[in-house]
Structures are given as C-alpha cells and as structure tokens.
Amino acid sequence: MGLGGIGQPLSLLLKTSPLVDELSLYDIVNSPGVAADLSHINTKSVVKGYLPPDDGMATALKGADIVVIPAGVPRKVNPPTPPSTYAHQLMF
C-alpha cells in the first residue's frame, strides 16, 4: 500500500479493523517508519513496512488475501485557476 496522503490514513483505519490480522505496507520511502508508528496502536493486527530493496514488494504481497493500492495525483504547489472558476469569481 502506498503511504501518501490517502495511504497513511487508510492504513490507520485498516490497523484498527478487527478483520485485519496482518497489514503489510509498501512504498518507495518511509514505510518502515509508518509501520512502526502504527504498531503502537493496541490491536491484534501486526504491521510490517517494506521498501523496494530486497524484493520488498514481493515480500509485502506474499500470502495476501486482499491488496489495496491507493492511487492519486500528486498535488501541485500553485495550481492554475481554471478560467471558469475565475470568471465565476468575477461575477460576485
């Protein structure tokens, strides 16, 4: 599971679910740290974080019953204002 703006809160929700026994987190950075943070939540599920080296993705997916891949578009720092929005703002 990616651990960006959608993946981290989704990981938190999955960690608190009584239906989850093991939560394997995978991303190109920070997944062991996020896994360590989530492991402090007192639930029955075990959390592990994996990185690309040493076949991290294959290890994370091994034995998985469900795979969740949150995907989004990276946020732009200063997104341009669409012309329709700009025109609407001028009306008021």
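Sort Val29, Val68 so that the residue with the fewest other Cβ atoms within 10 Å of its own Cβ comes first and the one with the most comes last.
Val29, Val68
List the aspartates and glutamates whose Cα sits under 20 Å from the Cα of Lys62, skipping any in the same chain fewer than 8 residues away.
Cα-Cα hits under 20 Å: Asp21, Glu22, Asp27, Asp54.
With the cut-off at 12 Å, report for region 1-40 the share of all Cα pairs above it, as a whole percent.
Details: 413 of 780 pairs.
Tail of P(r) above 12 Å: 53 percent of Cα pairs.
Here, each number is a calculation from the coordinates, and none is a lab measurement. Bear in mind the structure is a predicted one, so any value in this text is a computation, not a measurement. Heads up, the Cβs are rebuilt from the backbone with ideal geometry, glycines too, and the neighbour counts pull from every protein chain shown.
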